[in-house]
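Since every read-out is calculated from the coordinates, none of them should be taken as a lab result. For clarity, every value in this text was computed on a predicted model and none was experimentally measured. In this analysis, Cβ positions are derived from the backbone assuming ideal geometry, glycine residues included, and neighbour counts consider all displayed protein chains.
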Amino acid sequence: MKSEPMTFSDVFAQTVLNSLSAHIAIIDQKGVILETNQAWHDFARKNGLEGDVDAIGTNYLDVCEKASGDDAEDAQKVAEGIRLVISGNAREFLYDYPCHSPNGKHWYYMRAIRMFYDGPVRVVISHEDITDLKLAEEALKESEATLNEQKQSLEEANIALKVLLKQREADKVELEQKILGNMKKLVFPYVEKLKKAGLKARERTFVEIVDTHLKDIISPFLQRMSAADIFLTPQEIQVASLVKDGKSSKEIAEILSIAETTVHFHRRNLRIKFGIENRKTNLRTYLLSLS
């Protein structure tokens with residue numbers, strides 16, 4: 001019995017079907033394959049499928065439900081989803097699954113959709129190769145994991161560095177305080193005695209040069225009030241605190257019950273000790289900068 005010649009619509013439909021890269025099969029309400037496309041045939045040949053590569057007449061659902069091994073669980077889910085589409089309880093069913101082979105890893109995206117037309121139930125099943133996408137996702141996850149590890153390492157290193165710097169700063173302050181304390185106790189008292197001794201003009205000049213240079217040396221250490229307090233007399237500390245609070249010399253004299261000239265004397269000494277003898281530098285502004 002001769003088969004009926006294909007109409008233009010049949011040729012057009014088959015051409016469109018074969019032009020698609022997805023592996024496509026059309027099944028009936030029982031799951032029997034009625035038609036497949038060229039991509040399906042090529043995939044079957046490539047994977048050494050025995051029998052007709054078009055698989056027409058094969059029950060797709062039976063194959064899925066009888067699957068065993070590592071693919072059994074995915075195959076069962078696919079069969080269940082397709083049955084929902086056949087029964088009309090679902091418009092479509094989507095599923096992606098692995099299909100690895102000796103020549104490498106492969107993943108596919110399956111879609112089953114029911115054709116709505118005046119005729120018997122037909123479901124179009126397509127399998128699209130998404131291996132490149134999955135490999136890219138895996139590479140991205142690995143990159144993210146590596147970046148997270150690097151981030152954690154950097155954060156740990158940053159914490160360790162902060163602890164080290166804090167300790168370094170504490171050591172620096174301690175060293176500065178020791179230097180200032182020793183200078184105050186062991187050096188400057190003798191410099192003051194020399195300045196008051198009956199020295200000749202030449203020797204007095206030498207002492208004044210030594211005094212000036214020593215103050216220049218310790219001046220950088222006095223950049224914090226905590227360090228400066230070591231080098232200031234108790235009354236100089238009181239005056240410095242009140243100056244910083246914005247009190248005038250007259251107000252400071254009344255608060256401390258001392259002469260205003262004494263306040264001026266302490267202010268001058270503060271300027272000398274802080275190395276800001278230049279009149280353009282405001283003492284209160286400088287003290288506030290040390291807070």
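Residues considered: Glu203, Glu176. Of these, the only one that is among the acidic types (Asp, Glu), in contact with a helix residue (DSSP H, G or I) (Cβ under 7 Å, 6 or more places away or on another chain) and surrounded by 11 or more Cβ atoms within 10 Å (Cβ to Cβ) is Glu176.
The condition of being touching a Leu at 6+ places or on another chain (Cβ under 6 Å) and buried (at least 17 other Cβ atoms within 10 Å of the Cβ) does not hold for Ala112. I'm checking my understanding of the structure. Among residues of the range 103-116 that are within 39 Å of the chain's Cα centre (by Cα) and part of a strand (DSSP E or B), which one is farthest from Leu133 (Cα to Cα)? Checked the range 103-116; the qualifying residue farthest from Leu133 (Cα to Cα) is Arg111. Residue by residue through the range 84-96, note down the ones that are free of Cβ contacts under 8 Å to residues at least 40 places away in the same chain and under 22 Å from Val32 (Cβ atoms). Within the range 84-96, Leu84, Val85, Ser87, Gly88, Asn89, Ala90, Arg91, Glu92, Phe93, Tyr95 qualify.
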